[in-house]
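The structure appears right after this line, and notes come after that.
The values are calculated or read from the model by the stated rules, or taken from the named source; none is laboratory data. Because the structure is a prediction, the values reported are computed rather than measured. All Cβ positions, even for glycine, are placed from backbone atoms using ideal geometry, and neighbour counts span all protein chains on display. To get the accessible areas, we keep the full protein, side chains included, count just its heavy atoms, and leave off ligands, DNA and RNA. Shrake-Rupley method; radii C 1.70, N 1.55, O 1.52, S 1.80 Å.
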Amino acid sequence: MAAGVSIYSHSWLKIALFAIFLLATNGVEDVRYSVTDLDESYYVDFVPLSRSRRAAEDNVTITTNDAVTSELTSTLASTRRPDDATTSVVTATPSPPPFRQTTGTPELVELVNDHAYYVSSIVLEKKVEEFWLTEDKWALGRVHGTLSHSHRTASTIDLSFKFLFYGHEVSAITIATGGFVYMSPFLHQWLTTTQYIAPLMANFDTQLGNNSNVRYYDNGTTFVVWWEDIYLQDQHEAGSFSFQALLSQDGTIVFSYKDLPVSVDNLMTKEHPVKVGLSDAYYFDQEISRSGVLKRTIYEYHRVEIQQNVLKANSAVIITPLPTCILMKSCASCLLAHIGFNCGWCPKIERCSDGKDRMRQEWLRYGCDQKSQNTAHVEQCPLIKDGQKQEGASSKLALLALIPLFVLLGSGIAWVAYAYMNPQTKSGQWLIEHRPSNLKNRLSEVRFWKREESGEKYEVSVTPDGNESVA
(Lines give C-alpha, C1' and ligand atoms only; values in the text may rest on other atoms or scores of the structure.)
Protein backbone atom coordinates (compact mmCIF):
# COMPACT_ATOMS: atom_id res chain seq x y z
CA MET A 1 0.00 0.00 0.00
CA ALA A 2 1.38 3.40 -0.94
CA ALA A 3 2.52 5.68 1.83
CA GLY A 4 -0.09 8.12 3.04
CA VAL A 5 -3.05 6.03 1.79
CA SER A 6 -5.39 4.94 4.55
CA ILE A 7 -7.27 1.66 4.50
CA TYR A 8 -10.24 3.63 5.87
CA SER A 9 -10.55 5.47 2.58
CA HIS A 10 -12.10 2.35 1.00
CA SER A 11 -15.79 2.28 1.82
CA TRP A 12 -16.09 -1.50 1.28
CA LEU A 13 -13.36 -2.11 3.82
CA LYS A 14 -15.16 0.17 6.29
CA ILE A 15 -18.21 -2.04 6.00
CA ALA A 16 -16.15 -5.21 6.40
CA LEU A 17 -14.43 -3.87 9.52
CA PHE A 18 -17.73 -2.81 11.00
CA ALA A 19 -19.24 -6.25 10.24
CA ILE A 20 -16.36 -7.84 12.16
CA PHE A 21 -17.09 -5.45 14.99
CA LEU A 22 -20.73 -6.53 15.02
CA LEU A 23 -19.81 -10.21 15.14
CA ALA A 24 -17.44 -9.51 18.02
CA THR A 25 -20.22 -7.97 20.06
CA ASN A 26 -22.28 -11.21 19.89
CA GLY A 27 -25.69 -10.45 18.45
CA VAL A 28 -27.37 -8.14 16.03
CA GLU A 29 -27.26 -4.68 17.51
CA ASP A 30 -27.05 -2.86 14.19
CA VAL A 31 -28.33 -3.33 10.66
CA ARG A 32 -27.87 -1.10 7.65
CA TYR A 33 -30.68 1.17 6.53
CA SER A 34 -31.11 3.03 3.29
CA VAL A 35 -31.16 6.70 4.28
CA THR A 36 -31.73 9.83 2.21
CA ASP A 37 -29.14 12.64 2.60
CA LEU A 38 -26.58 10.23 4.05
CA ASP A 39 -23.51 11.91 5.61
CA GLU A 40 -20.50 9.96 4.31
CA SER A 41 -17.80 12.35 5.50
CA TYR A 42 -16.96 10.21 8.56
CA TYR A 43 -15.78 6.72 9.29
CA VAL A 44 -18.20 5.70 12.05
CA ASP A 45 -17.58 3.56 15.09
CA PHE A 46 -19.93 2.82 17.99
CA VAL A 47 -19.58 2.24 21.71
CA PRO A 48 -22.91 0.86 22.95
CA LEU A 49 -23.91 1.28 26.56
CA SER A 50 -23.35 -2.46 27.12
CA ARG A 51 -19.60 -2.20 26.49
CA SER A 52 -17.15 -1.29 29.21
CA ARG A 53 -16.94 2.47 29.58
CA ARG A 54 -13.61 2.32 31.34
CA ALA A 55 -11.97 0.38 28.55
CA ALA A 56 -13.52 2.62 25.90
CA GLU A 57 -13.04 6.04 27.43
CA ASP A 58 -10.52 6.25 30.23
CA ASN A 59 -7.16 7.73 29.33
CA VAL A 60 -8.00 8.03 25.64
CA THR A 61 -6.56 11.07 23.92
CA ILE A 62 -8.88 12.59 21.33
CA THR A 63 -7.45 15.04 18.79
CA THR A 64 -10.18 17.40 17.66
CA ASN A 65 -10.47 19.10 14.29
CA ASP A 66 -9.01 22.30 15.70
CA ALA A 67 -5.96 20.44 16.97
CA VAL A 68 -7.06 20.72 20.58
CA THR A 69 -6.33 17.62 22.64
CA SER A 70 -8.70 16.64 25.40
CA GLU A 71 -8.05 13.98 27.98
CA LEU A 72 -11.10 11.83 28.67
CA THR A 73 -10.86 11.22 32.35
CA SER A 74 -14.41 10.37 33.42
CA THR A 75 -16.76 7.54 32.63
CA LEU A 76 -20.50 7.10 32.37
CA ALA A 77 -20.64 4.80 35.34
CA SER A 78 -21.91 7.62 37.57
CA THR A 79 -25.51 8.39 36.70
CA ARG A 80 -28.03 10.29 38.73
CA ARG A 81 -29.65 7.12 40.01
CA PRO A 82 -28.56 3.47 40.28
CA ASP A 83 -28.47 1.48 37.04
CA ASP A 84 -31.35 -0.66 38.22
CA ALA A 85 -34.47 1.43 37.68
CA THR A 86 -36.88 1.97 40.52
CA THR A 87 -39.98 -0.09 39.74
CA SER A 88 -43.39 0.00 41.33
CA VAL A 89 -46.95 -1.03 40.46
CA VAL A 90 -49.61 1.61 41.07
CA THR A 91 -53.18 2.37 40.13
CA ALA A 92 -53.54 5.75 38.43
CA THR A 93 -55.03 7.69 35.55
CA PRO A 94 -52.35 9.22 33.33
CA SER A 95 -53.04 12.36 31.37
CA PRO A 96 -54.17 11.64 27.79
CA PRO A 97 -52.25 13.10 24.86
CA PRO A 98 -53.18 16.68 23.89
CA PHE A 99 -55.11 15.77 20.74
CA ARG A 100 -57.86 13.88 22.55
CA GLN A 101 -60.24 14.72 25.39
CA THR A 102 -60.79 12.26 28.20
CA THR A 103 -64.23 10.70 27.98
CA GLY A 104 -63.98 8.44 30.97
CA THR A 105 -61.71 7.04 33.65
CA PRO A 106 -60.90 3.42 32.84
CA GLU A 107 -59.26 1.27 35.46
CA LEU A 108 -55.56 1.30 34.71
CA VAL A 109 -52.66 -0.62 36.11
CA GLU A 110 -49.27 0.94 35.46
CA LEU A 111 -45.78 -0.44 35.77
CA VAL A 112 -43.83 2.71 36.63
CA ASN A 113 -40.08 2.89 36.05
CA ASP A 114 -37.68 5.71 36.86
CA HIS A 115 -34.97 5.90 34.17
CA ALA A 116 -33.12 8.99 35.49
CA TYR A 117 -33.88 11.10 32.39
CA TYR A 118 -37.47 9.83 32.03
CA VAL A 119 -40.24 8.11 33.91
CA SER A 120 -42.12 5.45 31.96
CA SER A 121 -45.60 4.13 32.70
CA ILE A 122 -46.83 0.98 31.00
CA VAL A 123 -50.60 1.25 30.88
CA LEU A 124 -52.55 -1.99 30.64
CA GLU A 125 -56.20 -1.45 29.78
CA LYS A 126 -59.05 -2.82 27.72
CA LYS A 127 -59.15 0.12 25.32
CA VAL A 128 -56.41 2.34 23.97
CA GLU A 129 -58.61 5.12 22.58
CA GLU A 130 -57.38 7.66 25.09
CA PHE A 131 -53.88 7.39 23.63
CA TRP A 132 -54.60 6.49 20.02
CA LEU A 133 -54.85 9.02 17.19
CA THR A 134 -58.07 7.90 15.51
CA GLU A 135 -58.73 7.55 11.81
CA ASP A 136 -60.73 10.79 11.53
CA LYS A 137 -57.65 12.78 12.62
CA TRP A 138 -55.55 11.25 9.86
CA ALA A 139 -57.40 13.25 7.23
CA LEU A 140 -54.86 15.93 8.13
CA GLY A 141 -51.95 13.47 8.15
CA ARG A 142 -49.85 12.04 5.33
CA VAL A 143 -48.99 8.61 4.03
CA HIS A 144 -45.28 8.35 3.25
CA GLY A 145 -45.12 6.71 -0.17
CA THR A 146 -41.55 5.40 0.02
CA LEU A 147 -41.72 4.12 3.59
CA SER A 148 -45.06 2.40 2.92
CA HIS A 149 -43.47 0.13 0.27
CA SER A 150 -39.96 -0.69 1.41
CA HIS A 151 -37.72 -2.56 3.82
CA ARG A 152 -34.98 -1.10 6.03
CA THR A 153 -35.54 2.38 4.69
CA ALA A 154 -35.63 5.70 6.53
CA SER A 155 -36.64 9.23 5.56
CA THR A 156 -36.20 12.57 7.35
CA ILE A 157 -39.19 14.79 8.16
CA ASP A 158 -39.03 18.35 9.50
CA LEU A 159 -41.02 19.11 12.63
CA SER A 160 -43.13 22.25 12.92
CA PHE A 161 -41.95 22.69 16.52
CA LYS A 162 -38.87 22.07 18.65
CA PHE A 163 -39.08 18.68 20.35
CA LEU A 164 -37.09 18.13 23.55
CA PHE A 165 -35.21 14.82 23.54
CA TYR A 166 -33.04 14.23 26.59
CA GLY A 167 -33.26 18.01 27.00
CA HIS A 168 -31.87 18.72 23.51
CA GLU A 169 -33.97 20.57 20.94
CA VAL A 170 -34.73 18.46 17.86
CA SER A 171 -36.21 20.07 14.73
CA ALA A 172 -36.17 17.09 12.35
CA ILE A 173 -36.60 13.34 12.81
CA THR A 174 -35.95 10.31 10.61
CA ILE A 175 -38.77 7.78 10.38
CA ALA A 176 -37.75 4.18 9.70
CA THR A 177 -39.79 1.28 8.36
CA GLY A 178 -38.45 -0.81 11.24
CA GLY A 179 -40.84 0.67 13.80
CA PHE A 180 -38.67 3.43 15.23
CA VAL A 181 -37.66 7.08 14.81
CA TYR A 182 -34.03 8.17 14.59
CA MET A 183 -33.37 11.39 16.53
CA SER A 184 -30.02 12.79 15.39
CA PRO A 185 -29.22 15.22 12.53
CA PHE A 186 -26.11 13.11 11.77
CA LEU A 187 -27.36 10.57 9.25
CA HIS A 188 -25.53 7.26 8.90
CA GLN A 189 -26.74 3.78 7.97
CA TRP A 190 -26.57 2.13 11.39
CA LEU A 191 -29.70 3.78 12.78
CA THR A 192 -30.71 0.98 15.14
CA THR A 193 -27.63 1.45 17.32
CA THR A 194 -28.60 4.48 19.39
CA GLN A 195 -30.35 7.89 19.38
CA TYR A 196 -33.79 6.45 18.69
CA ILE A 197 -37.38 6.47 19.87
CA ALA A 198 -38.64 2.92 19.38
CA PRO A 199 -42.23 1.94 20.07
CA LEU A 200 -41.33 -1.42 18.50
CA MET A 201 -38.07 -1.75 16.62
CA ALA A 202 -38.09 -4.98 14.61
CA ASN A 203 -37.58 -6.43 11.13
CA PHE A 204 -40.71 -4.96 9.54
CA ASP A 205 -41.20 -4.95 5.77
CA THR A 206 -44.00 -2.71 4.50
CA GLN A 207 -43.90 -4.42 1.08
CA LEU A 208 -45.53 -7.57 2.48
CA GLY A 209 -48.98 -6.22 3.34
CA ASN A 210 -51.57 -4.92 0.89
CA ASN A 211 -52.74 -2.35 3.45
CA SER A 212 -49.38 -1.56 5.04
CA ASN A 213 -48.66 2.13 5.53
CA VAL A 214 -46.33 4.44 7.40
CA ARG A 215 -48.19 7.65 8.19
CA TYR A 216 -47.27 10.82 10.03
CA TYR A 217 -49.25 13.73 11.44
CA ASP A 218 -48.15 17.15 12.75
CA ASN A 219 -50.56 19.66 14.31
CA GLY A 220 -47.97 22.18 15.50
CA THR A 221 -47.55 20.83 19.03
CA THR A 222 -47.76 17.07 18.50
CA PHE A 223 -46.14 14.75 15.97
CA VAL A 224 -47.48 11.21 15.50
CA VAL A 225 -46.11 8.31 13.46
CA TRP A 226 -48.37 5.36 12.65
CA TRP A 227 -47.01 2.02 11.48
CA GLU A 228 -50.23 0.55 10.11
CA ASP A 229 -50.83 -3.14 9.32
CA ILE A 230 -47.15 -3.95 8.85
CA TYR A 231 -45.58 -7.43 8.78
CA LEU A 232 -42.31 -8.92 9.96
CA GLN A 233 -40.09 -10.08 7.13
CA ASP A 234 -38.87 -13.16 8.99
CA GLN A 235 -42.15 -13.89 10.83
CA HIS A 236 -44.74 -12.99 8.22
CA GLU A 237 -47.13 -15.67 9.46
CA ALA A 238 -47.40 -13.92 12.84
CA GLY A 239 -49.86 -11.38 11.43
CA SER A 240 -50.02 -7.60 11.11
CA PHE A 241 -48.86 -5.04 13.68
CA SER A 242 -50.33 -1.56 14.21
CA PHE A 243 -48.82 0.91 16.64
CA GLN A 244 -48.12 4.63 17.01
CA ALA A 245 -45.50 6.91 18.52
CA LEU A 246 -46.56 10.36 19.71
CA LEU A 247 -44.04 13.16 20.33
CA SER A 248 -45.39 16.12 22.28
CA GLN A 249 -43.79 19.57 22.31
CA ASP A 250 -43.02 19.33 26.04
CA GLY A 251 -40.94 16.19 25.47
CA THR A 252 -43.59 13.65 26.48
CA ILE A 253 -43.60 10.47 24.39
CA VAL A 254 -46.48 8.01 24.08
CA PHE A 255 -46.35 4.54 22.51
CA SER A 256 -49.79 3.14 21.63
CA TYR A 257 -50.36 -0.46 20.54
CA LYS A 258 -53.51 -1.49 18.73
CA ASP A 259 -52.49 -4.81 17.16
CA LEU A 260 -49.70 -6.99 18.57
CA PRO A 261 -50.43 -10.51 17.26
CA VAL A 262 -47.52 -12.11 19.16
CA SER A 263 -45.64 -11.29 22.33
CA VAL A 264 -42.86 -8.80 21.72
CA ASP A 265 -40.31 -10.88 23.62
CA ASN A 266 -40.92 -13.72 21.12
CA LEU A 267 -39.82 -11.70 18.08
CA MET A 268 -36.74 -12.95 16.25
CA THR A 269 -33.52 -10.96 16.64
CA LYS A 270 -31.25 -12.85 14.23
CA GLU A 271 -31.66 -10.42 11.33
CA HIS A 272 -32.72 -7.25 13.15
CA PRO A 273 -32.59 -5.97 16.76
CA VAL A 274 -35.82 -5.81 18.72
CA LYS A 275 -36.02 -2.81 21.05
CA VAL A 276 -38.69 -0.83 22.85
CA GLY A 277 -37.61 2.44 24.43
CA LEU A 278 -35.25 5.37 23.94
CA SER A 279 -31.54 5.95 23.51
CA ASP A 280 -29.18 8.89 23.12
CA ALA A 281 -25.46 9.34 22.50
CA TYR A 282 -22.66 11.86 22.12
CA TYR A 283 -19.91 12.03 19.48
CA PHE A 284 -16.15 12.28 19.53
CA ASP A 285 -14.52 13.38 16.28
CA GLN A 286 -10.87 12.89 15.47
CA GLU A 287 -8.63 12.65 12.45
CA ILE A 288 -7.00 9.28 11.90
CA SER A 289 -3.24 9.76 11.93
CA ARG A 290 -1.67 10.69 8.57
CA SER A 291 -4.77 9.61 6.67
CA GLY A 292 -6.89 12.71 6.40
CA VAL A 293 -9.93 10.58 7.26
CA LEU A 294 -12.28 11.78 9.98
CA LYS A 295 -13.46 9.24 12.49
CA ARG A 296 -16.62 9.79 14.52
CA THR A 297 -17.06 7.58 17.54
CA ILE A 298 -20.61 7.44 18.84
CA TYR A 299 -20.92 6.77 22.56
CA GLU A 300 -24.32 5.74 23.84
CA TYR A 301 -24.66 7.42 27.24
CA HIS A 302 -28.17 6.38 28.22
CA ARG A 303 -30.91 3.97 27.25
CA VAL A 304 -34.51 3.58 28.37
CA GLU A 305 -35.59 -0.04 28.01
CA ILE A 306 -39.29 -0.77 28.30
CA GLN A 307 -40.23 -4.18 29.67
CA GLN A 308 -41.29 -6.08 26.57
CA ASN A 309 -43.09 -9.08 28.01
CA VAL A 310 -45.92 -6.99 29.47
CA LEU A 311 -46.78 -5.18 26.23
CA LYS A 312 -49.94 -6.33 24.51
CA ALA A 313 -52.63 -5.10 22.15
CA ASN A 314 -54.64 -2.12 23.42
CA SER A 315 -51.91 -0.97 25.77
CA ALA A 316 -49.79 2.17 25.92
CA VAL A 317 -46.53 3.46 27.31
CA ILE A 318 -46.28 7.05 28.56
CA ILE A 319 -42.70 8.33 28.83
CA THR A 320 -42.44 11.61 30.73
CA PRO A 321 -39.22 13.67 30.66
CA LEU A 322 -37.47 14.70 33.86
CA PRO A 323 -35.43 17.92 34.27
CA THR A 324 -31.83 17.78 33.05
CA CYS A 325 -28.85 20.08 33.54
CA ILE A 326 -28.86 21.40 29.97
CA LEU A 327 -32.31 22.90 30.51
CA MET A 328 -30.79 25.32 33.03
CA LYS A 329 -29.85 28.43 31.04
CA SER A 330 -28.18 30.52 33.74
CA CYS A 331 -25.38 30.00 36.23
CA ALA A 332 -27.63 30.46 39.25
CA SER A 333 -30.40 28.12 38.04
CA CYS A 334 -27.74 25.55 37.18
CA LEU A 335 -26.04 25.50 40.56
CA LEU A 336 -29.33 25.71 42.47
CA ALA A 337 -30.90 22.82 40.51
CA HIS A 338 -31.64 19.86 42.76
CA ILE A 339 -32.73 17.39 40.10
CA GLY A 340 -30.59 14.36 40.87
CA PHE A 341 -27.77 15.24 38.45
CA ASN A 342 -24.43 16.77 39.42
CA CYS A 343 -24.93 19.94 37.38
CA GLY A 344 -21.99 22.27 36.83
CA TRP A 345 -21.73 25.68 35.15
CA CYS A 346 -18.88 26.25 32.69
CA PRO A 347 -18.39 30.00 32.14
CA LYS A 348 -16.20 29.49 29.06
CA ILE A 349 -19.09 28.14 27.02
CA GLU A 350 -21.91 29.41 29.29
CA ARG A 351 -23.51 25.98 29.56
CA CYS A 352 -24.92 23.87 32.35
CA SER A 353 -24.18 20.15 32.20
CA ASP A 354 -23.13 17.10 34.14
CA GLY A 355 -20.86 16.22 31.22
CA LYS A 356 -23.15 13.46 29.96
CA ASP A 357 -25.01 14.90 26.98
CA ARG A 358 -24.58 15.43 23.23
CA MET A 359 -22.14 18.31 23.75
CA ARG A 360 -19.68 16.27 25.82
CA GLN A 361 -16.71 16.77 23.46
CA GLU A 362 -17.05 20.55 23.70
CA TRP A 363 -17.40 20.24 27.48
CA LEU A 364 -14.08 18.39 27.69
CA ARG A 365 -12.35 20.50 25.03
CA TYR A 366 -12.77 23.62 27.17
CA GLY A 367 -11.81 21.82 30.37
CA CYS A 368 -15.28 22.10 31.84
CA ASP A 369 -14.81 18.77 33.59
CA GLN A 370 -12.10 20.35 35.74
CA LYS A 371 -13.28 21.95 38.98
CA SER A 372 -10.86 24.81 38.50
CA GLN A 373 -12.65 25.81 35.29
CA ASN A 374 -16.18 25.67 36.68
CA THR A 375 -18.19 28.02 38.85
CA ALA A 376 -18.38 26.19 42.17
CA HIS A 377 -20.79 28.34 44.19
CA VAL A 378 -23.83 30.36 43.25
CA GLU A 379 -22.25 33.40 44.93
CA GLN A 380 -19.64 33.35 42.14
CA CYS A 381 -22.25 33.57 39.38
CA PRO A 382 -22.25 36.86 37.46
CA LEU A 383 -25.50 38.73 37.84
CA ILE A 384 -25.49 39.64 34.17
CA LYS A 385 -23.54 38.71 31.09
CA ASP A 386 -20.50 40.69 29.95
CA GLY A 387 -22.35 42.43 27.13
CA GLN A 388 -25.07 43.38 29.51
CA LYS A 389 -22.42 44.64 31.95
CA GLN A 390 -21.03 47.02 29.34
CA GLU A 391 -24.49 48.24 28.52
CA GLY A 392 -25.21 48.73 32.20
CA ALA A 393 -21.94 50.63 32.67
CA SER A 394 -22.85 52.97 29.80
CA SER A 395 -26.22 53.61 31.38
CA LYS A 396 -24.57 54.45 34.68
CA LEU A 397 -22.24 56.96 33.00
CA ALA A 398 -25.18 58.64 31.28
CA LEU A 399 -27.00 58.85 34.59
CA LEU A 400 -23.98 60.39 36.26
CA ALA A 401 -23.76 63.01 33.50
CA LEU A 402 -27.39 63.99 34.15
CA ILE A 403 -26.90 64.47 37.88
CA PRO A 404 -25.46 68.05 37.61
CA LEU A 405 -28.40 69.04 35.43
CA PHE A 406 -30.84 67.68 37.99
CA VAL A 407 -28.98 69.54 40.78
CA LEU A 408 -29.07 72.81 38.84
CA LEU A 409 -32.77 72.42 38.06
CA GLY A 410 -33.56 71.59 41.67
CA SER A 411 -31.56 74.58 42.91
CA GLY A 412 -33.45 76.89 40.54
CA ILE A 413 -36.81 75.65 41.76
CA ALA A 414 -35.70 76.04 45.38
CA TRP A 415 -34.51 79.63 44.74
CA VAL A 416 -37.81 80.61 43.07
CA ALA A 417 -39.73 79.15 45.99
CA TYR A 418 -37.55 81.06 48.47
CA ALA A 419 -37.87 84.36 46.57
CA TYR A 420 -41.64 83.97 46.26
CA MET A 421 -42.02 83.26 49.98
CA ASN A 422 -39.63 86.10 51.01
CA PRO A 423 -40.45 89.19 48.85
CA GLN A 424 -38.51 91.53 51.18
CA THR A 425 -35.21 89.86 50.33
CA LYS A 426 -33.02 90.79 47.39
CA SER A 427 -34.08 87.59 45.64
CA GLY A 428 -37.71 88.43 46.27
CA GLN A 429 -37.29 91.99 44.96
CA TRP A 430 -35.55 90.71 41.84
CA LEU A 431 -38.35 88.25 41.18
CA ILE A 432 -40.96 91.02 41.56
CA GLU A 433 -39.11 93.26 39.12
CA HIS A 434 -38.85 90.49 36.56
CA ARG A 435 -42.28 88.98 36.90
CA PRO A 436 -44.24 88.56 33.58
CA SER A 437 -46.46 91.65 34.08
CA ASN A 438 -43.45 93.89 34.56
CA LEU A 439 -41.74 92.29 31.60
CA LYS A 440 -44.69 93.38 29.42
CA ASN A 441 -44.35 97.01 30.62
CA ARG A 442 -40.64 96.92 29.94
CA LEU A 443 -41.37 95.78 26.40
CA SER A 444 -43.63 98.86 25.94
CA GLU A 445 -40.59 101.05 26.49
CA VAL A 446 -38.67 99.40 23.74
CA ARG A 447 -37.90 101.68 20.76
CA PHE A 448 -36.27 100.71 17.53
CA TRP A 449 -35.84 102.02 13.99
CA LYS A 450 -37.34 100.87 10.71
CA ARG A 451 -36.51 101.85 7.17
CA GLU A 452 -39.06 102.85 4.48
CA GLU A 453 -38.79 101.73 0.85
CA SER A 454 -37.41 105.19 -0.01
CA GLY A 455 -34.55 104.54 2.39
CA GLU A 456 -35.66 106.99 5.10
CA LYS A 457 -35.59 105.73 8.75
CA TYR A 458 -38.30 106.29 11.34
CA GLU A 459 -38.60 105.46 15.06
CA VAL A 460 -41.09 102.85 16.28
CA SER A 461 -42.21 102.03 19.85
CA VAL A 462 -44.28 99.15 21.25
CA THR A 463 -47.60 99.99 22.95
CA PRO A 464 -48.74 98.18 26.11
CA ASP A 465 -51.15 96.10 24.03
CA GLY A 466 -48.24 94.86 21.94
CA ASN A 467 -48.86 96.91 18.81
CA GLU A 468 -46.30 99.12 17.07
CA SER A 469 -46.66 102.96 16.97
CA VAL A 470 -44.62 105.52 15.11
CA ALA A 471 -42.92 107.89 17.52
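The rule of thumb for compact globular proteins, 2.2 N^0.38 Å, goes into the C-alpha radius of gyration of segment 281-350 1.73 times.
Would you mind pulling out the separation of the Cα centroids of segment 310-344 and segment 348-379, in Å? What the calculation gives is 19 Å, centre to centre. The Cβ shell under 12 Å around PHE165 holds other residues with a net charge of -2, Lys and Arg each +1, Asp and Glu each -1. Here is the size of segment 263-420 from its Cα atoms: Rg then Dmax, 28.5, 103 Å. Placing dummy labels 7 Å off each Cα toward the beta-carbon, the span from THR425 to LYS348 is 6.6 nm. Sparse packing (at most 16 other Cβ atoms within 10 Å of the Cβ) combined with a DSSP loop state is found for the following GluC sites (Glu not before Pro) in segment 247-327: GLU271. Modelled this way, with points 7 Å down the Cα-to-C-beta line, the labels at THR269 and GLU287 are 4.1 nm from one another.
Potential lengthening of the chain between ALA139 and LEU294 amounts to 51.3 nm, from the contour at 0.36 nm per residue minus the alpha-carbon distance.
Estimated at the nearest 10 Å², the accessible area of LEU399 is 100 Å² with a 1.4 Å probe. Under 5 Å from the amide H of LEU200 lies no amide H of any residue 5 or more positions distant or on a separate chain, with H modelled from the backbone and absent for Pro and chain starts. When the trypsin sites (Lys or Arg not before Pro) in segment 249-301 are filtered for DSSP coil states and for at most 10 other beta-carbon atoms within 10 Å of their beta-carbon, the remaining sites are LYS270, ARG290. Its residue count N sets the reference 2.2 N^0.38 Å, and the alpha-carbon radius of gyration of segment 173-264 equals 1.07 times that reference. With N the number of residues in segment 326-379, Rg(Cα) / (2.2 N^0.38 Å) evaluates to 0.99. How large is the accessible surface of MET359 in square angstrom, using a 1.4 angstrom probe and rounding to the nearest 10? Accessible surface of MET359 is approximately 80 Å².
Using the alpha-carbon positions of segment 114-322, Rg (one decimal) and Dmax (whole number) come out as 16.9, 62 Å.
Label zone of THR156 (point 7 Å out along Cα→Cβ, amide N under 20 Å): in segment 298-315 this covers 298-299.
Estimate the FRET efficiency between ASN219 and THR146 by the formula 1/(1 + (r/R0)^6), using the beta-carbon distance for r and 30 Å for R0, to the nearest 0.05. All intermediate terms of the calculation are to be shown ahead of the outcome.
On the way: r = 23 Å, r/R0 = 0.77.
Efficiency for this residue pair is about 0.85.
Using heavy atoms of the protein chains and a probe of 1.4 Å, the accessible area assigned to TRP415 is about 90 Å².
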